[in-house]
Amino acid sequence: MMNGFPVLMVVFSFLWWFSQVGGGGGFLCYFLEQCKENKASIGEKIMEIQPEKVYVAIGRDLYDGLSTLQWVLRKWSNHSISIVILHAANNICKAYVYTPLGKLPASSVSEEKLKDLDKNEEANNDKILSQFIASCGEVKAEVFRLEKNEQPIYKQLVEIISSQRITKLVMSLTFMKSSAWKSRTAISGSFYVLRHKPNFCELFVISGGRLLSLREENDEGFIEDDRGNMVAKFTEKNGFRSLLGRIFSDGAINGHSPESPSSSSSSSRSNNSPDAWEKYSEEIEHYVNQLLALNEEEEDANYKALMENPADPVMQENMSGAERIEVLKLKIQRAEDAIQLNRKEANVNKEKRAKAEWAISLCNTRAMELEVCINEEVLKNADLKKELDSRKYELFDLQGEVEEKRSKLKSILELQRELSNKLQLSSSAKSLAEVQLEKAVRTRTNMVSEIEELRGQRDVIQRRIEFCREKDAIGSADGMDTSSFDYREFTAAEIRAATEDFSEGLRLKSRGQLTNVYKGRINHMTVAIKMYNSANAPSHEAFTAKVKILSEIRHPNILAMVGFCSELNCIIFEYMHNGCLHDALFLTERNSKGKNKALSWHARIRIAAEVCSALGFLHKAQPNPIIHGNLNPSNIFLDRNNVAKFYGLKPPWLYDNSHRKSDIQAFGNLVLQLLIGRNWGLPMDIAAIIGDLDHLAGEWPLDLAMELCSIAIRCLTTNEGVDEEWDIRLLIREIDKVKKNADQLVANGKYTPAIEEFIDMEDLSNVPSAFLCPIYQAVMQNPHLAADGFSYELDAIDGWLRTGHDTSPMTNLRLNHKLLTPNHTLRTLIQDWQNRRSAPPN
């Protein structure tokens with residue numbers, strides 16, 4: 001209501017002025033009537049104004065808290081307020097707990113018991129707070145709990161004042177006492193709040209229902225009651241402690257001792273003693289502790305007097321004479337108690353003064369000693385400074401000499417470095433000149449020899465150009481498949497010309513059955529000529545029948561007949577560049593033509609499938625099946641692409657069921673030889689065979705190797721009647737299945753077979769023709785120049801000449817001489833070409 005009164009006064013003033021100016025009294029009367037009618041609504045709006053909050057910080061003491069709240073209610077009895085009770089939990093470190101058995105150490109009580117005690121304490125706090133709220137009556141009251149914190153309670157209170165924007169704070173001294181061990185902390189905490197609170201906050205300190213005022217002067221705090229009487233005094237002790245520490249710390253360290261009142265008689269004897277100052281330093285420390293203890297006791301006494309001293313009785317007018325006498329007696333008694341207390345304080349102050357004079361004398365004595373020491377140190381420092389100056393001058397002279405010698409040394413080192421660099425450059429230039437000279441001499445020698453060699457080969461190259469032109473014109477014939485040639489009968493002269501009259505250099509040294517075989521060239525095609533001598537020559541009818549059978553058989557894996565010669569009893573076959581399978585499996589050394597006889601597992605599976613396909617072709621021939629009769633690695637040959645073709649057939653009229661089984665059994669033995677790379681003479685055990693696979697074939701896929709081994713064992717046991725249903729058709733189907741799986745593994749990259757061995761160097765289509773030996777038709781390893789101007793492989797041309805030939809193998813012209821010259825240039829070119837081919841792609 002008081003807050004709305006100024007507003008109403010302004011409104012009424014405005015209305016009066018309006019009526020005087022000319023508004024008339026009617027308007028005023030109308031306004032008054034409206035105000036009377038809306039009196040209730042105006043009062044409600046005024047009551048809706050929010051009451052002012054008064055924060056009351058009280059401790060756990062019920063009587064003090066109730067008296068503090070009553071003081072607040074009396075103070076703001078004519079104002080609309082709400083009370084916020086600030087309650088702090090007990091933050092004191094509880095080393096002891098109070099139990100029905102008495103005071104016990106906290107460590108001796110179980111955790112469950114401690115929890116029960118905490119719950120009881122919390123229940124008591126809630127009960128006290130409920131009584132505080134009930135004492136407020138109709139005034140709205142609420143509780144604001146301060147959480148436990150490591151900070152002191154007075155610091156927390158300052159932070160809450162700022163955060164909650166507290167404008168009015170009533171604080172009881174018991175609020176600080178409840179969270180501190182000593183009364184000094186409660187008093188000092190009150191002064192801390194007074195100093196650090198914001199300016200917008202008004203602080204009221206209450207003790208026993210009385211208002212106290214806090215005042216600070218010269219690092220001292222005074223607590224006065226509401227009548228201006230001082231009830232307690234507070235002095236900061238930190239400054240005193242630090243002051244004494246600064247005074248006596250150095251003395252205790254250095255071991256000096258001033259005179260002491262208790263030992264003044266013996267001071268002259270103890271000044272020179274090394275332990276004298278240590279003795280007095282202990283007395284001084286004891287004195288400092290006494291002063292600090294007295295200071296705390298005095299503050300506790302002040303707090304106790306403040307809390308226990310009730311307010312002075314007031315002499316009221318309606319008192320009777322006896323009551324007034326009692327009041328006067330009480331005041332006299334308190335005055336006498338104050339006089340006794342002052343006398344005791346005077347005696348204590350006298351003792352303190354004596355102790356202080358003793359400490360001052362110690363300080364003065366220590367100061368005098370320190371002054372003497374300082375003077376002595378000053379004199380020593382002066383002498384040292386003079387000596388230091390002289391040393392500086394000497395050092396300056398030495399530095400000048402060192403700098404001079406250093407500059408000379410630096411110039412000498414630079415000259416030495418320059419000379420060393422020049423010497424190094426000269427040595428490098430000399431070495432480079434020697435190397436260049438040696439290189440120039442070597443280059444000149446090589447160039448002279450190459451010039452001479454080139455001059456000697458100039459005519460040879462010209463003749464070879466003509467020869468190569470003719471060879472290129474008919475080169476397409478070399479790439480044609482032999483199946484496109486029809487066989488024909490050759491004359492004896494053609495055979496002799498093709499074999500150079502059966503030269504030993506052209507005799508094929510093979511471990512196969514074609515032992516009496518010559519290599520020859522007919523119509524620019526390399527062929528193999530099988531000779532039947534008088535000892536093993538068949539009859540004319542048998543020879544004719546054999547020729548007829550071979551002429552009628554055309555299969556990719558059967559050695560094709562090119563022709564025959566009845567006069568010399570010989571048959572001409574296509575030439576197989578990579579020899580027989582026997583040499584590829586059982587011989588691992590490199591022959592003179594550079595064929596590395598080592599077949600990969602994938603190539604071996606393909607060869608088995610090719611041989612099985614040809615064998616099935618013969619067994620299914622119409623009208624009469626054909627039996628091979630002697631299937632073994634010596635009768636199987638490999639062309640330039642390692643395609644298998646076998647040789648040697650029996651006439652059809654010799655066919656019977658036992659021969660068929662013998663072919664299948666021979667095929668099983670061939671598969672075992674492909675698996676292990678040699679003949680197998682042990683029992684047919686799959687595990688033993690798998691454990692002895694040929695490592696030269698690379699890493700065998702075990703599942704495929706086991707399937708091949710199983711097929712081989714079934715073929716070898718055919719004659720024993722173990723598997724009568726095992727025929728050539730089933731065999732072909734199983735072998736084709738293995739080959740298909742092998743091709744799939746290689747295509748997927750799961751198994752990489754060994755590098756395709758059996759590289760025939762003479763069969764590469766991109767080989768320069770100048771690198772091929774005219775006789776061997778293979779890349780030359782040791783080319784030699786003959787008198788006809790052509791280069792040949794040394795073994796080939798030497799064998800040609802040793803057999804009595806005196807003509808050129810190329811031109812059939814008579815040779816002027818039989819001397820052979822090494823062709824180093826051509827050999828170097830061949831080696832460079834081979835190195836480029838073997839280098840991995842970028």
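Among the residues here, VAL435 does not qualify as under 18 Å from THR821 (Cβ atoms), among the aliphatic types (A, V, I, L, M) and assigned to a helix (DSSP H, G or I). Taking the stated definitions as given, is ILE571 in contact with a strand residue (DSSP E or B) (Cβ under 6 Å, 6 or more places away or on another chain), in the same structural domain as ALA498 (by TED's automatic domain parsing) and on the phi < 0 side of the Ramachandran plot? So ILE571 passes the test.
When the range 666-695 is examined, which residues are found to be charged (D, E, K, R) and more than 26 Å from GLY629 (Cα to Cα)? Answer for the range 666-695, where residues must be charged (D, E, K, R) and more than 26 Å from GLY629 (Cα to Cα): ASP685, ASP692, ASP694.
Please state which one of ASN318, ASN309 is modelled with pLDDT under 85, within 22 Å of GLY221 (Cα to Cα) and more than 60 Å from the chain's Cα centre (by Cα).
Details: ASN318 fails: within 22 Å of GLY221 (Cα to Cα).
That would be ASN309, the only listed residue that is modelled with pLDDT under 85, within 22 Å of GLY221 (Cα to Cα) and more than 60 Å from the chain's Cα centre (by Cα).
So, GLY520, is that one at pLDDT below 85 and among the small types (Gly, Ala, Ser) or not? For GLY520, the condition - at pLDDT below 85 and among the small types (Gly, Ala, Ser) - is not met. Within the range 364-380, the set of residues being surrounded by 11 or more Cβ atoms within 10 Å (Cβ to Cβ) and either at pLDDT below 90 or of a type in the set (S, T, N, Q) (or both) comprises ASN364, THR365, ARG366, ALA367, MET368, GLU369, LEU370.
Rundown of residues vs (1) over 30 Å from ALA528 (Cα atoms); (2) within 57 Å of the chain's Cα centre (by Cα), yes/no style:
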{"residue": "LYS645", "(1), (2)": "no, no"}
{"residue": "GLY648", "(1), (2)": "no, no"}
{"residue": "GLY681", "(1), (2)": "yes, no"}
{"residue": "ALA688", "(1), (2)": "yes, yes"}
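Taking into account only those residues within the range 118-147 that are surrounded by 11 or more Cβ atoms within 10 Å (Cβ to Cβ) and either within 54 Å of the chain's Cα centre (by Cα) or not assigned by TED's automatic domain parsing to the domain that holds ILE166 (or both), which is modelled with the lowest pLDDT? Step by step, filter the range 118-147, then rank; the result is ASP118. Here's a check for you: in the range 556-565, which residue that is at pLDDT 90 or above and not aliphatic (A, V, I, L, M) is farthest from ILE636 (Cα to Cα)? Going through the qualifying residues, I end up with CYS565. Of the residues making up the range 591-607, those that are assigned to a loop (DSSP other than H, G, I, E, B) and either modelled with pLDDT of 90 or more or touching a helix residue (DSSP H, G or I) at 6+ places or on another chain (Cβ under 6 Å) (or both) are GLY594, LYS597, ALA598, LEU599, SER600.
Scanning the range 669-694 for residues that are surrounded by 12 or more Cβ atoms within 10 Å (Cβ to Cβ) and either in contact with a Cys (Cβ under 6 Å, 6 or more places away or on another chain) or in a helix (DSSP H, G or I) (or both) yields ASN669, LEU670, VAL671, LEU672, GLN673, LEU674, LEU675, ILE676, ILE686, ALA688, ILE689, ILE690.
Within the range 637-660, if we keep just the residues that are in contact with a helix residue (DSSP H, G or I) (Cβ under 9 Å, 6 or more places away or on another chain) and assigned to a helix (DSSP H, G or I), the residue that is modelled with the lowest pLDDT turns out to be PRO652. Please determine whether any residue of the range 431-440 is at pLDDT below 85 and over 30 Å from ASP639 (Cβ atoms). Within the range 431-440, none of the residues are at pLDDT below 85 and over 30 Å from ASP639 (Cβ atoms).
Taking (1) of a type in the set (S, T, N, Q); (2) surrounded by fewer than 16 Cβ atoms within 10 Å (Cβ to Cβ); (3) outside any loop (DSSP other than H, G, I, E, B) in turn, SER634 satisfies each apart from (2).
Working carefully through the options TYR792, TYR776, find the one that is part of a strand (DSSP E or B) and either under 19 Å from THR828 (Cα atoms) or in contact (Cβ under 8 Å) with a residue 12 or more places away in the chain (or both). On inspection, the qualifying residue turns out to be TYR792. The residues in the range 129-167 that are under 15 Å from ILE81 (Cβ atoms), polar (S, T, N, Q) and part of a helix (DSSP H, G or I) can be counted, and the count is 1.
The values are calculated or read from the model by the stated rules, or taken from the named source; none is laboratory data. Values in this document were obtained by computation on a predicted structure and should not be read as measured data. Here the Cβ is made from the backbone with ideal geometry for all residues, glycine too, and neighbour counts use every protein chain on show.
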